[in-house]
Structures are given as structure tokens and as C-alpha cells.
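These notes concern the structure reproduced below.
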Amino acid sequence: MFKNYFKISWRNLVRNKAYTTINVAGMALSMACGILIFVLVSFNLSYDNFHPNANRIYRCVTEAHRDEVSYVASVPPPFGSSFRRDYTFAEEVARIVNVYDETVTIKLGTETKAFKEPAGINFVEASYFNIFNFPLVEGNKKTALANPNTAVITQKAAEKYFGNQNPVGKIFTIARGRNITVTGVLKNLPANTDAKGEVFISYATLKGYSDFFVDDNSWGGIGTSLQCFVRLRPGVSPASVENVLPAYVKKYRPKSKNVHHYKLQPLADVHFDARYGGAMEKRTLWILSFIGIFIIVTACVNFINLATAQALKRSKEVGVRKVLGSMRSQLFWQFIAETAMIAVFSIVVALCISYTLLPYVNTLFKAQMNINVFTNIKLLLFLLALAVVITMLAGAYPGIILSNFKPVAALKGKISQQHIGGFNTRRGLIITQFAISQVLITGMIVIAVQMHYAKDSDLGFTKNAIVMVPMGMDSTGTSVKTFKSSLAAIPGVQKVSACYAPPSSRGDWGTNCKYNNDAEDEPFQLSMKAADEQYISTFGLEMVAGRNLFPSDTLREYVVNETFVHKLNIKNPQDVIGKKLSANGGYFNAPIVGVMKDFHDKSFKADINAVCIYAKWDNYEQFAVKIDMKNASQTLAAVGKIWNNVYPDQVYDYKFLDDQIADFYATEQTMLTLVQAFTFVAIFIGSLGLYGLVMFMAVQKTKEIGIRKVLGSTIAQILWIFGREFARLVVIAFVVAAPIAWWLMNSWLQDFKFHISISPLFFAATILLMFTIAFVTVGYQSVKAALMNPVKAIKSE
């Protein structure tokens with residue numbers, strides 16, 4: 001019997017090629033979206049779930065309460081060693097410091113090779129590998145990082161640095177001329193971990209490299225490159241630990257107005273908590289999942305519309321089958337078999353589409369996802385469930401309708417639209433499709449306009465035609481001056497400044513400060529930016545009071561911004577000129593000599609901070625080079641030549657400042673790309689739904705159209721019969737979609753401190769686009785119906 005079902009189903013599908021193609025295309029496209037979303041969600045939910053006792057692993061983080069509350073995925077450097085010494089809550093405690101964009105130099109005989117590590121190098125305590133499941137394939141885990149200047153590297157790094165040679169015992173060099181000996185090789189880190197980098201150096205090596213992280217008195221600041229992890233003992237709750245942590249604040253920070261609240265963040269939340277830099281919010285995964293479900297549902301809706309539109313053509317077939325003895329259940333399962341066959345074909349096509357698009361999705365999310373039905377049991381079960389659900393969801397309603405035809409009425413052609421559900425059901429489904437499409441279109445418009453606003457608005461400084469060039473390892477005050485002079489002499493170079501970071505950057509050094517010899521710290525954090533006297537002119541910053549910095553290699557004076565003045569509740573910027581400013585725990589003391597106009601020192605998601613600029617060459621990390629873009633390639637080549645002459649054993653690299661600023665919004669840009677793709681898919685599938693409905697209308701109104709033409713109706717009047725119907729559906733869908741879209745996008749915009757307002761023009765553009773899409777979709781069938789011979793139309797019933 002089942003063989004017969006599928007044999008007849010195959011014949012019907014082959015005979016109705018257009019019907020089959022449209023259904024498979026819509027189903028396959030929606031399923032491909034579902035598969036890719038399932039793989040993406042599953043991949044992100046699997047992050048760092050492979051470690052033993054993962055439910056007892058926590059990251060130590062800080063809630064910093066000042067004039068505002070900020071969240072830092074770190075703690076003061078001494079926290080880890082003090083916690084290990086003072087309490088018995090944890091089985092293991094480990095600190096890790098990541099240094100981004102570090103250069104690793106290898107000397108093999110007379111040859112020297114330099115490798116840029118964008119993900120950075122890590123200084124790590126040996127207990128880190130007791131907490132996390134990153135096994136060694138060579139070396140002893142207990143002793144590999146016991147001494148300073150030792151390291152374990154991944155298999156990937158070992159092959160990159162030393163080829164096929166055994167890396168154990170080999171030496172590489174990092175900044176400040178530190179020679180590091182390889183003592184072990186790690187198995188390559190899995191793709192689903194937030195741990196980055198390929199090089200792990202013993203934590204003791206930090207002494208002399210960056211003393212701040214090994215100083216037991218560094219309670220006054222937090223270096224965001226440091227993370228501290230603990231694995232609690234069985235039965236110890238995080239709440240019991242957090243209850244004793246305020247003692248550290250009272251002991252080490254008793255007078256600070258910057259009140260720290262140290263917390264334990266579960267490892268399972270590290271990847272998802274945006275407050276602490278999580279890469280993927282669970283909210284985003286939920287949104288993607290719901291979009292995937294909606295797209296699959298709209299494909300099922302199309303199937304129902306097309307199937308019922310075809311029902312009149314199959315009424316006589318059903319009548320003959322019933323006369324020959326077919327039972328209602330047999331006819332129902334016959335149609336379910338057809339739906340199942342379409343679903344299976346669609347899954348095969350969807351898998352092909354998914355395999356093709358997966359590399360682009362991996363690039364978009366900087367991930368390493370894969371689709372393997374034979375090894376991924378979850379994916380296989382998802383596909384089976386998808387096939388069953390779609391078969392029943394899409395096939396049940398048409399199956400019930402077709403199997404319910406009365407044989408006499410079917411054979412005599414007396415089946416009316418009431419027998420196949422009428423228009424109202426299909427209208428409701430089409431309105432749902434339109435509403436989903438309009439929400440996506442409005443969301444796409446709002447996100448695109450906000451991205452344009454964030455990238456192209458005046459940031460308070462010049463960002464175009466400025467190239468950020470990293471400072472080489474082991475630079476000195478003299479080499480910095482020499483390098484600057486060499487760059488300034490290049491034709492096409494207009495300005496050069498040595499600095500810690502550009503005005504707007506992710507890199508931030510925040511510290512407490514005291515103004516005008518006050519006894520207590522101010523209730524806000526000061527963002528410190530080391531820069532020379534050319535910084536203000538290079539970036540086009542404006543002075544509102546006082547003067548610029550004088551040339552100096554050491555800290556002698558400050559320039560602050562307007563926000564600093566406002567936070568002091570001082571109205572006239574001139575009033576702060578000459579006043580003393582103490583920062584960095586009292587180590588930096590100098591007078592204020594100037595006030596700058598405010599500029600955006602972070603992305604548009606954050607408020608403008610209190611900022612100060614000071615000169616101190618050993619805090620510089622980059623050169624800002626303003627160039628003439630007419631000869632950019634020659635200028636950049638000349639900069640690279642000078643850089644390679646000064647630092648022959650290192651890797652030359654640069655990045656345009658406007659590209660760095662665009663990176664602030666990488667997550668939003670990814671979301672925009674996804675919304676654009678899903679909007680296209682939803683519109684395409686919705687158009688198929690429209691096509692199904694206009695087919696149904698054309699069949700049902702055949703006689704009406706013929707009579708109207710005989711009575712003198714014009715083609716335009718006939719077209720209006722269809723146009724009026726779909727215009728009404730678009731408008732109703734808009735009434736439903738507009739408030740939903742406004743609420744969703746208004747909520748999304750709240751993530752930005754500086755954002756656009758949602759304009760009525762966005763909704764006008766949405767409904768205009770939907771009218772255009774509807775017109776294009778229904779045009780062919782409507783014109784075809786309007787042009788039919790009225791005599792044939794009248795004889796059709």
C-alpha cells in the first residue's frame with residue numbers, strides 16, 4: 001500500500017512540474033535557513049561545555065560602581081593569588097593575561113622569521129590547564145610552566161614556527177627581547193572555546209615584561225587583558241563566595257569612591273553575557289531561532305495555498321477514487337505521502353544549499369562550524385523532526401480538504417470554494433506572511449540607517465586618511481623620535497603622531513583621579529591616553545580653552561576634555577587651567593594646560609568619558625600617520641620600507657582608522673547581513689504565497705471575469721479585482737506589523753547611547769516596497785486572467 005502511495009505521488013509531482021518546483025524551492029530555501037540557524041545555535045550553545053566539572057568553573061569579574069555602573073570581565077591582578085591564599089573555596093585558581101597583536105620571532109640558524117599573532121600570546125598560571133581540558137601531547141603538565149621564560153604552544157603554532165622539527169627545547173623571542181623556551185605542545189584548541197591564542201607562556205615571565213600584573217599591590221586598577229578563573233570545590237555555592245569578597249574592597253580599597261563588587265560568572269555565561277564582552281547574546285540566538293521557525297511556517301503556508309489552489313483540478317481524481325472504493329483515510333495518507341516526498345526532496349536540496357553557504361556563514365561569524373549528517377546525531381534528529389513536522393503541518397489541512405470531497409459533486413464539477421476552505425483562511429495566512437516580511441524589512445532599514453549614522457557621523461575628530469602603524473618591539477625614546485622624523489619626511493605623509501591609541505578605540509586605560517589636591521578621588525573614572533604634541537593636530541581635535549601639550553618625553557602636563565570639566569560641575573572650562581590633576585594612584589601628577597572639545601572615545605553604544613591626554617613615550621604603542629589618499633599606495637609602501645629597515649625581524653602591519661572604528665559595529669553589521677538575507681528569503685517565500693493565492697482567485701473568478709468582460713469591463717477594471725484584494729491584505733498586514741516592528745527596533749536602539757529616531761519614512765518605505773513586491777508577484781496571473789477569452793471563461797463552469 002505504501003509503495004502505491006509513493007508511486008502515485010511521484011507521478012503526480014512529475015505531471016505538475018511547476019507546482020512541484022515552486023513547492024520544493026520554497027521548502028528547500030526555508031529548510032536551508034533552518035539548518036544553518038540550527039547549526040549556528042548548536043555551535044554557540046556548545047561553547048566550553050567539554051571541560052570536566054564545567055558547572056563548577058567561574059570567571060571572577062567586577063561590577064565597578066562610580067557615577068555609573070560598569071562591568072569588567074576582570075579583577076585586580078592580586079585578586080587571584082590573594083583568593084588562593086585566603087580562602088579554601090576553590091580547588092584551583094588560575095590567572096591568564098592576553099597580549100594582542102604580539103610578534104613572535106624565531107631564529108633558525110642564520111634565518112630569522114617573524115610571526116604576527118593577531119589573537120595574541122597568553123601569560124598563564126600552570127593551574128589553568130588543571131581547570132580547562134586543553135591536554136598536552138608533548139611535555140609534562142606539572143612542570144612545563146614551572147619556571148620563567150617557558151611556554152607551551154599548540155600543534156598549529158609548532159608547525160607554523162618549526163615545521164616538522166620537534167619544538168620542545170626550541171627558543172622564540174617576544175617583546176623586550178625575552179627568549180622563551182618551548183617545554184610542551186598542546187593539542188589544538190577546539191573551535192567552540194572562548195580561549196584564544198596559540199602561545200601560553202609561564203605567568204612568572206610577566207615580571208619585567210609588565211610588572212603591573214605580578215605586583216601584589218596593584219589593587220588600584222584593573223587590566224582588562226587579565227582574566228581569573230576558579231573551580232569551586234563540590235558543594236560550594238557562588239553566593240557563599242561572593243558574600244566574603246566585600247572584605248577585599250574594605251581591606252585594599254577603603255577610600256576609593258570607585259566601589260568594586262567582585263562577582264563569580266558561570267563559565268556557561270561567558271560566551272553570552274554582552275556586559276562582560278560575550279561574543280554572542282542568547283537573545284540573538286532566540287531571535288534567529290524564531291526567525292527560522294517563522295520562515296519554515298511561511299513555507300508551509302505557501303504549500304497549503306498552492307495545494308488548495310490545485311484542489312479543483314484534482315477534484316475529479318478524488319471523485320473517481322472514491323467511486324472505485326478508496327476510503328477517506330487512504331486519500332488523506334495519499335496526500336501526506338506526496339507532501340513527505342516534497343519534504344524529502346526539499347531537505348536534500350536544502351542540505352546542498354547549506355553546504356554551499358556554510359563557508360560564508362563561517363566567515364561572517366568567524367567560526368568553524370560544519371555540517372555532517374552522519375556524525376552529528378543532533379542534526380540528523382533535527383532533519384528527521386523537520387521532515388515529519390513539515391509533512392504533517394503542510395500536508396494535513398490540504399489532505400483533509402481533498403479527502404472530504406463528495407464523489408458525486410467532484411465528478412460533476414460542483415466543488416466550490418466553500419468546499420476547499422474559501423478565501424478567509426488563505427487571507428489570514430497571507431497576512432501573517434506579509435506581516436513577518438514587513439517586520440523584517442523595517443528592521444533591516446532601521447539597522448542599516450543606524451549603522452550609517454554610527455559610521456559616518458561627526459565623531460569630534462578626523463578619522464579618514466589616517467593609518468595606525470604599530471610600534472616595534474624594544475622601541476626607545478630615541479628610536480620613536482627617529483622613526484617619526486623618517487615618516488614625516490615621506491612625500492604624501494601630512495602628519496605623524498606617536499600615541500597609545502587613537503581618540504576612539506577599544507583599548508582603554510581607566511583610573512581614578514584627584515582634582516586640585518582634593519583628599520578623595522573623584523566619583524568618576526578618567527580615561528588616560530598617552531600621546532605626543534602632534535596628536536591633537538593629527539586627529540583634528542579642537543581646543544576650547546588653554547593650549548596644546550608642549551613637546552616632552554615625560555609626563556609634565558595634561559589636556560582634558562569637556563566631559564571631565566562637566567563631571568566636576570564646573571561651567572567654564574577656563575577655570576580648570578593650571579589646576580593639579582593626580583591619576584594612576586598618585587603616580588601621575590601634573591597641571592592641566594588645556595581643554596579639548598568632546599569627541600567620541602568609544603562606540604556610539606557608550607557615553608563620552610572623561611579623557612585626559614599626556615606625553616610619556618614609554619606608554620606609546622602606535623604611530624598615527626595622516627596621508628594624502630591620492631598617492632596612498634606609494635605612501636604606504638614607503639612607510640613599510642622604513643618600518644622594515646628599523647625593525648627587520650618583525651612583521652609590518654597597519655590598519656586604517658575608519659576600518660578600526662567600523663569594527664566597533666561588527667556584531668551589528670553581522671546582524672544586518674543576516675536580517676537582509678532572511679528578509680530576502682521571507683519576501684521570496686511570501687511571493688510564492690501570493691502566487692498561490694492569485695492562482696486560486698483566478699480559478700474561482702473565471703466565470704465572473706468572463707461575465708464582466710461581456711458586460712463591458714475593461715482590462716484595468718478586471719485587474720483591480722485582484723489589486724483591491726491584495727492591497728487590502730498588504731494594508732492589514734502593515735497595521736499588524738508596524739507596532740511590532742517599532743517596539744522591536746526601539747528596544748534594539750536602546751543598546752546605543754547615541755542613536756537615530758525611528759522615522760515614519762521607514763514605515764512608508766516598508767509598505768511601498770510591499771506594494772511593489774505584491775504588484776510584481778501577482779501581475780502575470782492577473783493579466784493572464786484579464787486577457788482570457790470571455791466565451792471560454794463562461795463555458796468553464
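The values are calculated or read from the model by the stated rules, or taken from the named source; none is laboratory data. Everything numeric here is computed off the predicted structure, so don't read it as measured data. Here Cβ is always computed from backbone atoms with ideal geometry, including for glycine, and neighbour counts include all displayed protein chains. Quick note on the areas: whole protein, heavy atoms, side chains included, nothing else; ligands and nucleic acids left out. Shrake-Rupley method; radii C 1.70, N 1.55, O 1.52, S 1.80 Å.
Just a few scattered comments:
- log10 of Debye I(q)/I(0), alpha-carbon scatterers only, for region 567-627 at 0.14, 0.24, 0.27, 0.30 Å⁻¹: -0.58, -1.27, -1.29, -1.31
- Dimensionless Rg ratio for region 177-276, taking C-alpha atoms and the 2.2 N^0.38 Å reference: 1.34
- Distance violations [Cα-Cα > 23 Å] among Lys251/Lys605; Lys107/Lys160; Lys514/Lys626; Lys156/Lys282; Lys463/Lys495: Lys251/Lys605; Lys514/Lys626; Lys156/Lys282
- The solvent-accessible area of Leu541, taken with every protein chain present and a 1.4 Å probe, is close to 20 Å².
- For region 15-74 and region 514-553, distance of Cα centres in Å: 43 Å
- Our note on the geometry: Cα centres of region 147-166 and region 359-385, 31 Å apart.
- Region 521-547 residues near the modelled Ile577 label - backbone nitrogen below 11 Å, point 7 Å along Cα→Cβ: 544-547
- If R0 is 30 Å, the Cβ-Cβ spacing of Asp67 and Gln494 corresponds to a FRET efficiency of close to 0.20.
- Sorted from greatest to least, the principal axis extents spanned by the alpha carbons of region 176-219 come out as 36, 26, 15 Å.
- Taken over region 79-215, the alpha-carbon convex hull comes to 112 cubic angstrom per residue.
- Model label zone, Leu749; criterion: amide N under 17 Å from point 7 Å along Cα-to-beta-carbon; scope region 438-459: 439-457
- Projected onto its three principal axes, the C-alpha set of region 507-626 covers 40, 31, 26 Å, listed from the longest axis down.
- The distance from the alpha carbon centre of region 83-138 to that of region 611-682 is 27 Å, rounded to a whole number.
- Dividing the convex hull volume of the alpha-carbon atoms in region 585-663 by its residue count gives 182 Å³ per residue.
- Scaling the Cα radius of gyration of region 440-523 by the globular reference 2.2 N^0.38 Å produces a ratio of 1.68.
- Cross-link check: pairs Lys580/Lys602; Lys366/Lys455; Lys141/Lys378; Lys141/Lys641; Lys113/Lys187 evaluated at a Cα-Cα cut-off of 32 Å; pairs beyond the cut-off: Lys141/Lys378; Lys141/Lys641.
- Rg to Rh, two decimals, where region 482-572 supplies the alpha carbon set and Rh follows Kirkwood: 1.01
- Sorted peptide list for 551-559, 374-382, 295-303, criterion being average Cβ within 10 angstrom, highest first: 295-303, 551-559, 374-382
- FRET efficiency for Thr772 and Asn464, using Cβ-Cβ distance with R0 set to 45 Å, rounded to 0.05: 0.80
- Reachable aspartates and glutamates from Lys571, criterion Cα separation under 12 angstrom, eight or more residues apart if same chain: Glu562
- Using R0 = 45 Å, the C-beta based FRET efficiency linking Ser537 and Ser757 works out to 0.80.
- Within the accessible area of region 430-530 (1.4 Å probe), percent carbon and sulfur: 52 percent
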